[in-house]
Amino acid sequence: MARLIRMDSTGHTTIAEWTAADDAAFGAAVEEFRGQLDQGYIGTVPEGPGKAAHVRELPRGADLVVLRRPIAGG
Amino acid sequence: MTADALPELASVPWRSRTDERWLRRYGRLWHAWTLLYTVPFLAAGIAMLALEPLTAPVALAAIAHAWIIPELYAFRGASVVRPKGPRNERAEPVAQGLLGDLLGHDERDLQRQTGLALEPGELGTWLVGESGALLVTPDGRRVHCFCVGVSERDLPPSDRVSHLLLALRTDEGGFATVANHAFAGAPWRVRRRLPVQMRPALDSARAAAGPG
């Protein structure tokens, strides 16, 4: 089961779950993902040690997609 | 690291992209700058003592300046990784779980012990904290201190580390470009200004980076 999670004040919240074979669940996850991007979140897929990718569309085959806030110099 | 650029780069279009050459140049500039404000005070103090021993109080003040000013800069550098802001301890266990999933076994233990996540990169070995990061150069002889964070104040500390870690893993050079460079200097200068519990992380990063 793939998960879309958002890092927030609770630690993290699971926004959506889907399987590659479940079109309806994936479609709902895509809608949630776009809604979160509209709120300023950034989609990131952890790709194992030392690697992550920025995603603008929800990848159907990903196991985990993490929504994070933008970073900035302090 | 992936080739995909960090989206936050759009917010700093005037900055040239940070790379190994940029870091080397900045390291040299910081070294020269340190000499520039240390040597004159030191020389003046010694000269005063040599010419007129009665000037000893003023000479000692000048020598103290030569010691204090570099220490203040090192303190500023080390401060980028000091814990800051609200702790949100209630959500921390959940955030710690996610961060733990992102880290390897040894890095997870080190992060729990020190608060800093060790991340090998192409520019060197990173130590990522809640509101900043340290970069130990591949030769282990210099530490660059970067001030960078996420503006959402109510995030638990481990989530702040995860934010920075994911951004770093997405685009290392972009991460260093977005971050504000606060200091560069010898590891021993930064180490002595780090909170005691964080010092083993710098030792591990130096060991991972190479000889120094």
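The values are calculated or read from the model by the stated rules, or taken from the named source; none is laboratory data. Computed from a prediction, not measured in an experiment: that's the story for all the values here. No Cβ is skipped: glycine too gets one built from the backbone with ideal geometry, and neighbour counts run over all protein chains shown.
Here are the numbers for the structure shown:
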quantity	calculated
Whichever residue in the stretch A:45-74 is without any contact (Cβ under 8 Å) to a residue 60 or more places away in the chain, β-branched (Val, Ile, Thr) and farther than 29 Å from B:Phe183 by Cα and, among such residues, is surrounded by the most Cβ atoms within 10 Å (Cβ to Cβ)	A:Val45
Exclusive hit being in contact (Cβ under 8 Å) with a residue 12 or more places away in the chain, buried (at least 20 other Cβ atoms within 10 Å of the Cβ) and not in a loop (DSSP other than H, G, I, E, B), set B:Leu194, B:Leu123, B:Leu127	B:Leu127
Residue, nearest to B:Ala179 (Cα to Cα), within the stretch B:131-148, restricted to residues that are of a type outside the set (A, V, I, L, M) and without any contact (Cβ under 8 Å) to a residue 60 or more places away in the chain	B:Gly132
Any chance B:His144 is modelled with pLDDT of 95 or more and within 23 Å of A:Thr10 (Cα to Cα)	no
Whichever residue in the stretch A:19-38 is free of Cβ contacts under 8 Å to residues at least 40 places away in the same chain and not in a helix (DSSP H, G or I) and, among such residues, is surrounded by the fewest Cβ atoms within 10 Å (Cβ to Cβ)	A:Ala21
Pick from the stretch A:1-47, criterion out of contact with any strand residue (DSSP E or B) (no Cβ under 8 Å at 6 or more places or on another chain) and of a type in the set (Asp, Glu), ranking: nearest to the other protein chains (Cβ to nearest Cβ)	A:Asp8
Positions within the stretch B:94-140 being of a type in the set (A, V, I, L, M, F, W, C), facing another protein chain (nearest Cβ under 8 Å) and within 11 Å of the chain's Cα centre (by Cα), in sequence order	none
When residues of the stretch B:158-191 are limited to those that are in a helix (DSSP H, G or I) and among the acidic types (Asp, Glu), the one nearest to B:Arg28 (Cα to Cα)	B:Glu172
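Per-residue answers, yes or no, for (1) surrounded by fewer than 14 Cβ atoms within 10 Å (Cβ to Cβ); (2) in a loop (DSSP other than H, G, I, E, B); (3) free of Cβ contacts under 8 Å to residues at least 24 places away in the same chain; (4) not aromatic (Phe, Trp, Tyr):
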| position | (1), (2), (3), (4) |
| --- | --- |
| B:Leu35 | yes, no, yes, yes |
| B:Ala50 | yes, no, yes, yes |
| B:Lys84 | no, yes, no, yes |
| B:Gln96 | no, no, no, yes |
| B:Asp101 | yes, no, yes, yes |
| B:Asp109 | yes, no, yes, yes |
